[in-house]
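Student: Here's a structure for you.
The values are calculated or read from the model by the stated rules, or taken from the named source; none is laboratory data. Treat the numbers as computed from the prediction; the structure is a model and nothing was measured. Don't worry about glycine lacking a Cβ; one is built from the backbone with ideal geometry, like all the others, and counts go over all protein chains shown. Accessible surface areas use protein heavy atoms only, side chains included; no ligands, DNA or RNA. Shrake-Rupley method; radii C 1.70, N 1.55, O 1.52, S 1.80 Å.
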Amino acid sequence: MPLRTETDHLDRIDHRILRVLSADGRISIADLARRVGLSKSPAQVRVRKLQEHGYILGFRAMLNPAKLGLDHVAFAEVKLTDTTEKALSAFNAAVMKVPEIEECHMIAGSFDYLVKVRTADIRSYRQVLGEVISALPHVGATSTHVSMQAVKESGL
């Protein structure tokens, strides 16, 4: 018997709704309904259910980092000195408090985490790396990769 996944009970209309909302989270319910082939009330009910079941986590504005003076992106490989569950939890909690860290992924490989850091420039990045990231719980070593250009950046 095949394994069931979380998306097994989503139908093609639910998938269309999610695709449209991921491209335009500000679309009106009337326009969304028209785009997915429903009337307004059923579309609204489906969106609410998708939110209640955790498929839609929220809505937010996409900001222009260059306009905000934050167009420097670096990726830091982070190796921890301790990878017990307690150490991982401490690191994870501390990362959540660093505003310059846009993303943090636990990695299976030669290092433990890959951290995406956005700052104004290399000097700012160096300060964040040296004073903040290196001081996070259980950080043993870091290695940096500087992004020269974002070819594709998008959510789901």
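Student: Between beta-carbons, use under 11 Å as the cut-off and find the net charge around SER28, counting Lys and Arg +1, Asp and Glu -1. Present the calculation step by step, with values, prior to reporting the outcome.
Tutor: Working: positive: ARG26, ARG34, ARG35, LYS40; negative: ASP24, ASP31.
Around SER28, the charge tally is +2.
Student: Right, here's the next one. When only DSSP loop residues count, what trypsin sites (Lys or Arg not before Pro) in the range 74-141 have their Cβ near at most 16 other Cβ atoms within 10 Å?
Tutor: Hits after loop and neighbour filter: LYS97.
Student: Next up: Using a 1.4 Å probe on the protein heavy atoms, what percent of the accessible area of the chain belongs to carbon and sulfur? It would help to have the intermediate numbers written out before the result.
Tutor: Working: 6030 of 11220 Å².
Here carbon and sulfur together make up 54 percent of the probe-accessible area.
Student: Give me the accessible area per residue for the chain, probe 1.4 Å, as a whole number in Å².
Tutor: That works out to 72 Å² for each residue.
Student: Which value in deg cm²/dmol, rounded to the nearest 500, describes the helix-derived mean residue ellipticity at 222 nm for the chain, given -39,500 (n - 2.57) per DSSP H run of n ≥ 4 and division by the residue count? Write down the numbers at each step before the final one.
Tutor: Working: 5 runs with 54 residues, N = 156.
Calculated from helices alone, the mean residue ellipticity at 222 nm is -10500 deg cm²/dmol.
Student: Extension gain ASP121-VAL45, at 0.36 nm per residue separation less the Cα-Cα distance, in nm? Working shown, then result.
Tutor: Details: separation 76, 0.36 × 76 = 27.36 nm, distance 4.53 nm.
Fully extending the segment from ASP121 to VAL45 adds 22.8 nm.
Student: Follow-up. Please compute the alpha carbon radius of gyration of the chain, then divide it by the globular-protein estimate 2.2 N^0.38 Å. Two decimals is fine.
Tutor: Values: Rg = 20.1 Å, N = 156, 2.2 N^0.38 = 15.0 Å.
Normalised Rg, Cα atoms only: 1.34.
Student: Going 7 Å from the Cα of ALA30 along its beta-carbon direction, which residues of the range 43-77 have the amide nitrogen within less than 20 Å of the resulting point?
Tutor: Under 20 Å, as judged by backbone N against the label point of ALA30, lie 43-48 of the range 43-77.
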